[in-house]
1. Looking at (1) in contact (Cβ under 8 Å) with a residue 24 or more places away in the chain; (2) more than 22 Å from Ile136 (Cα to Cα); (3) not aliphatic (A, V, I, L, M), find the lone condition where Asn28 falls short.
2. Do you know which of the residues in segment 121-139 that are of a type in the set (Asp, Glu) and part of a helix (DSSP H, G or I) is nearest to Val41 (Cα to Cα)?
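Where a number appears in this text, it was derived from the coordinates with a stated rule and is not lab data. These figures come from a predicted structure and were not determined experimentally. Positions of Cβ are generated from backbone atoms using ideal geometry, with glycine treated the same way; all protein chains shown enter the neighbour counts.
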Amino acid sequence: MSMTFEDYRHFTKIQIRFKDVDKQGHVNNANHLTYFEMGRVDYFKDVVRRKIDWVKTGMILAKTEIDYKLPILLEDTIYCGTRIESFGTKSFVVKHALLKEESGDLQMVAHGRCVLVCMNYDTRETTPVPEEWRTIISAFEGLQ
């Protein structure tokens, strides 16, 4: 199933830094992962709305894919759409869309998919997705 930016309910405005731009004048592709991460952090802050002890309990990135559609330039206004698509027992799938605002319209410049695994950093073991996250996010996203 392919998604469009209309399928996203959460957006984060991304500040493009001068250091993000390469010699060719566009944002280097490695920065897209950072923008996705910024979107995920804001998503949890805005959607889960619970204090999370990221030092003890967190997640690790197990897999990521990115499709690049258009270049991002320093002066562009960019948003990262974030959506949790599905849950496993100890992992979940996050979809991201980077969107450029141009003349009041949004254009998809890149989209990606990440698999995150829940982790207890004290024990260095994977853990189940917290039930509270699953409940809150499923309600927000309209997941079954």
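1. So the condition that Asn28 fails would be (1).
2. Glu132
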